[in-house]
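Structure in structure tokens, see below.
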């Protein structure tokens, strides 16, 4: 435990999570924020939210002031496709303007990026991070089965309601972007097995009991 704390104290970190007001992900935000506060002096937290009209009312600038610390940053996302886990407004991630995630990554240059959910920022963020900061370490926390929407049987949305071609395209799309992840972290063995059987390489997977401290090695 002390060795991991020592490792983190030497690193610049970025925590990305759905904001506390993003319905259904309140506990995910609490986990991310708790981790961020332990290393606040050398880290930032990007709290993502998605609601109709928010981005436009902010002049199409995704960043906004959040909390009392300059290290707590709000991030307005565009439309999110839950089936493909895709961000429809990719300009918030990478554009020809300065107000995008890529510019922030270049300016801050974190060594380790912790992503607690790809909703609502979108799976494309994985590619943008690695292409912008190729030497950084990206850790993706898969805490539930939300990404398996349309893949695993669900009472509300049975697999039979999705075209096989669409399911195959989703699998290829997710695998392509997951190749940019350095480590996948799970808290539940069954959830880990479900992802490993689908799109996550077993050698990059780690099952832990405490989400708060994960080595980047």
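Read-outs throughout are calculated quantities, based only on the coordinates presented, and are distinct from any laboratory measurement. The model shown is predicted, which means the values in this text are computed figures rather than measured ones. Here Cβ is always computed from backbone atoms with ideal geometry, including for glycine, and neighbour counts include all displayed protein chains.
Between residue 95 and residue 37, how high is the FRET efficiency from 1/(1 + (r/R0)^6) when r is the Cβ-Cβ distance and R₀ = 30 Å? Nearest 0.05.
Given R0 = 30 Å and the Cβ-Cβ separation, E is 0.45.
Using alpha carbons only, what's the Rg to Rh ratio of segment 15-135 with Rh from Kirkwood? Present the calculation step by step, with values, prior to reporting the outcome.
On the way: Rg = 13.3 Å, Rh = 14.4 Å.
With Rg and the Kirkwood Rh in hand, the quotient comes to 0.92.
Could you work out how much longer the chain between residue 20 and residue 54 gets when fully extended? Use 0.36 nm per residue separation minus the Cα distance between them, nm to one decimal.
Values: separation 34, 0.36 × 34 = 12.24 nm, distance 1.57 nm.
Full-extension gain reported as 10.7 nm.
I've got another one for you. Suppose R0 equals 30 Å. What FRET efficiency, 1/(1 + (r/R0)^6) with r the Cβ-Cβ distance, do residue 145 and residue 107 give to the nearest 0.05?
Numbers: r = 35 Å, r/R0 = 1.17.
Between residue 145 and residue 107 the formula returns 0.30.
Order 102-113, 132-143 from most to least packed using the mean count of other Cβ atoms within 10 Å. Numbers along the way, then the final one.
On the way: 102-113: 17.2, 132-143: 18.8.
Going by the mean number of other Cβ atoms within 10 Å, highest first, we get 132-143, 102-113.
What is the distance, in nm, between label points placed 7 Å from the Cα along the Cα-to-Cβ direction at residue 69 and at residue 175?
4.0
Turning to a different aspect of this structure: Please report the antiparallel percentage of DSSP beta bridges with both residues in segment 12-207, rounded to the nearest 5. Show your work: numbers first, answer last.
On the way: 5 of 31 bridges.
Roughly 15 percent of the DSSP beta bridges within segment 12-207 come out antiparallel.
What nm distance separates the two modelled labels at residue 193 and residue 61, each placed 7 Å from Cα along Cα→Cβ?
5.0
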